[in-house]
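The values are calculated or read from the model by the stated rules, or taken from the named source; none is laboratory data. Keep in mind that this is a model prediction, so the values were computed, not measured. As a convention, Cβ positions derive from the backbone with ideal geometry for all residues, glycine included, and neighbour counts pool all protein chains shown. To get the accessible areas, we keep the full protein, side chains included, count just its heavy atoms, and leave off ligands, DNA and RNA. Shrake-Rupley method; radii C 1.70, N 1.55, O 1.52, S 1.80 Å.
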Amino acid sequence: MNVSIERLRFWLLAGAGLLLIVIAAFLGYAHYRAHRFLRDLPRKLGVDIRRETNNVTYSQSVEGRTVYTIHAAKAVERSDGKMTLHDVGIVLYGRKQDRADRIYGQEFEYDQKNEIIRAVGEVHIDLQAPEAADANAKMDYAAGKDLHSGHAGGAAGEHESKDDRLIHVTTSGLVFLRKLGVAATDKDIEFASGGMTGHAVGADYSSDTGVVVLHAAVKVNGLQHDRPVLLTASHAVLDRPGQTMVLSQAKYVAIGGGGVGGAEGQTAEAQHVVVHLRSDGSAERLEAQGDVTLTGAAGDTVKAPRGEMTLNAQNQPQSAVMSGGVKYNADEPLREAQGEAGEGRVAFDKKGHPEYVVMTGAVHLQERVRASDAPAEPWSERELHAGTVALALATDSAGKAQLRDARASGDARLQVVNAAAKSGSTSSALGGDVLTAHFVRVGGKDHLAEVHGDGHTALRRVSATSVVNTGSGDSLVAHFRPATAGRGSAGTSQDQRGRNDGLDSGGADEVSDAVEQGHVVMTRLPLRKPGEASAPTEERVTAERAMFDGMLERTTLTGNVQVSDGTNVLWADRVVMEQQTGDAVAEGSVKASYRQAGSAEEPAHVLAARAELKHDSQIATFYGATGGGAAGSGAVGGSARLWQGASQVEAPVLQFEQKQRRLLAHGVGQGAPLAVHTVLVNGGSGASSETTAKADGSRPKGVPGKLIAGGRADVIWVASRELVYSDEERKAEFSGGVDVESRDGSMRGQQVVVYLQPAQTGAGKVSALHSGKADGGKTTPASAAGGGGFMAGSVERMVASGHIDLEQPGRRATGEQVVYTASDGMFVLTGTPTVLPKVTDDQRGTVTGTSLRFHSGDDNIVVSNGGENGTSERVRTETRVKNKQ
């Protein structure tokens, strides 16, 4: 078929036009489809985007003040009324505009209708951030971006370097309620400030008040003064405008290197804690309530219902108070302690170490220590009761507190038991209105070195033999044996031994010497010995001053000393007593008064310059003043003197033996003169008042120097070198040359034995002198003719032997023995086969015979020759001599 060129051109043009129409239609359809796709794509993706805006800033003002500003690098408005914000920064100024806190993150969702901003992903909060760069809060958020890109540490460090008050918080799921100005999350929270890092679960933040609430599991750790510490709480509230932080179930732990006050491993915890902050955010004061507990590194604890602590600008403790009933407890292998007080106060030094501790309100402290943890190792104890106790502390090179001085007041009582003493367990109890003690550190322990007491002081000591000695006075000074480092147990670590070394077994906290002054009263209660029917009698001593020497176990008393056992009394200027044995030496103006137990008779009195008293043997030896008597001693011619009623004995040495119930009197040295002078009561009438010595030991008026009491017929005076009196036998033996004088005459011989009548009243066991004990009760005059008591009772008979020389008015008799009977006044004089007895009368001459009998009251002499015993062989010759005119 033939096609013309013109037709072909037509079809080509028509085809091209058709193609253009098709292409245009396709392009239009494609544009329609693309537009519809782009329009429906956000809906399909769940986002209804209406428009996008860059660099969005929104501010909220109240009463002309900007309270918060929201800035976003990009805002995407959605059709559902919500808005997506990118690179968001929220600055919260508070109603008073006193701070600038920041919340920032990569993406936030803003619900415009409900005014809720919700963080998507991780969010950061800077509390107390620097002020905004301008009024529109267009701050440099590069730091925030760095945080989002993994440089959080650098950004936080940058902010902290600018302001130490900055608290940087990282969390997620944060919701900001714009209407309420509250940000909250229930997710985990990480925060950091001042080199400390923390963690919590859930938080609330109020932009109006600036209060931050951490809901649970609060934990803060880091370095404090180059020491690792940890703080935990179940709940926390930070009120920065109010400058307080409140913690619930809070616990502070110094992990190592020393805690508060330098105690490594110390913890502090309480149910409720309020921390008062300074304007720079540092802690100024802490108030704690509910089971406030402080725990030391060794496990010792202090508990109280309430506690309070103040801190300095360097966050070091300055003072602390625990009140409401403070309790202390320690339980270590080598140390156990308990204590309680109404309140406790602590003052710290500049480095935060405890310097002073004051406890008040019925303070009671008790401590037990031992040298090792061996099962048989004994415990030594200290126990203190007082109204107030103040402690002065020092810190050693390791930062540990040492006890230096202590002051207890308000009826203070300190008891120390040293179970490790070499001689056995001993105890000492010290008391006073005020007790002040000084301590020394030995072997890692604080030991008593010295205690001072003032006002109503007391000292009670129990020896290893259970002898109890007590003393009281106006003041007290006691020193303790120096402590030496002891040994640790084989199973104890070297470090523990360094901390817990005890004393050597030779006496820690044991009184070495003590001085009591002012109205001193001492008692001594010996241990009851096996076989004794009754408990021993307590002995009582009063003086102006008492000095105890623990090394010698000896007490020296001076100043108006009086010693008593409830029945007997001894006075002296000075008394030295042996604490273990009870032996004593009394010196200076020694006076003694001894009463027979249960008797109403006058006591026996003694005057001497010195006395030695043996407790166990019950022997008392009295000495006169050497060299002729001491001034004021009361003794005559350097002799000791005893009297009871009319009976008296004076000698340089008087010795009483209670067990044997004997009295020994003698002079000093061989060949001594007749230094023993004795006054006895003759049978018949009672003694005159002149024969009875005064109660104070002075001689009655008109008594001659040899105790001659006035020349009455009812008194006999005996001078000898020695005297032995037995109260059981009622017999007095004079020896060494004897002179006897009476109203009827005088007699000399080598030995004289005098028999006394039995005591008529209270004639039981005689109270002999021992240990210088006496009683100052009222005296009752004894009957000179046979009253009860030592050497009481009148003369029954007398036997003299050895070169007898007897003189009576108008006659003189000699012989080898004479027996005198007081009841009838009869003398029986005898001699030897070579030397017959002889009586020479001044007017009638001389009479001799085997035996001569005569009365002291007449001139009759009965002469007997021949047999003995009155046999029929005896020849009697009676001669009557005319009486003198």
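Structure notes:
- Each Lys or Arg adds one and each Asp or Glu subtracts one; over the other residues with Cβ under 11 Å from the Cβ of V302, this totals 0.
- Rg(Cα) / (2.2 N^0.38 Å) computed for region 321-379, rounded to two decimals: 1.42
- Relative to the current alpha-carbon distance between H456 and Q843, full extension at 0.36 nm per residue lengthens the span by 131.4 nm.
- Under the Karplus curve 6.51 cos²θ - 1.76 cosθ + 1.60, θ = phi - 60°, whole-Hz ³J(HN,Hα) for region 394-399, x wherever Gly or Pro sits: 10, 10, 7, 5, 8, x
- Region 255-405 - percent of accessible surface contributed by carbon and sulfur, probe 1.4 Å: 53 percent
- From phi via Karplus (6.51, -1.76, 1.60), per-residue ³J(HN,Hα) for region 793-800 in Hz, x at Gly/Pro: x, 7, 6, 8, 7, 9, 10, 10
- Gyration tensor analysis over the Cα atoms of region 211-254 returns equivalent ellipsoid semi-axes of 20, 13, 8 Å (largest first, whole Å).
- Pairs exceeding a 20 Å alpha-carbon distance, out of K350/K445; K303/K351; K350/K400: K350/K445; K303/K351.
- Placed amide H near E355: partners under 5 Å, 5+ positions off or other chain: A347, F348, D349
- Local electrostatic count at V795 - Lys and Arg +1, Asp and Glu -1, tallied over other residues with Cβ under 12 Å: +1
- Burial ranking of peptide ranges 731-741, 186-196 (average Cβ count within 10 Å, highest at the top): 731-741, 186-196
- Order by protection proxy (mean Cβ within 10 Å, highest first), peptides 838-846, 64-72: 64-72, 838-846
- Evaluating kT/(6 pi eta Rh) at 25 °C and 0.890 mPa s, with the Kirkwood radius of region 233-383 over Cα pairs in the Stokes-Einstein relation, gives 149 µm² s⁻¹.
- Across the accessible surface of region 560-620, with the other protein chains kept in place and a 1.4 Å probe, carbon and sulfur atoms take up 47 percent.
- The amide H of V123, built 1.01 Å from its N in the peptide plane, has T171, S172 as neighbours under 5 Å, considering only residues 5 or more places off or on other chains.
- Each peptide in 76-83, 230-237 was scored by the mean count of other Cβ atoms within 10 Å over its residues; highest first, the order is 230-237, 76-83.
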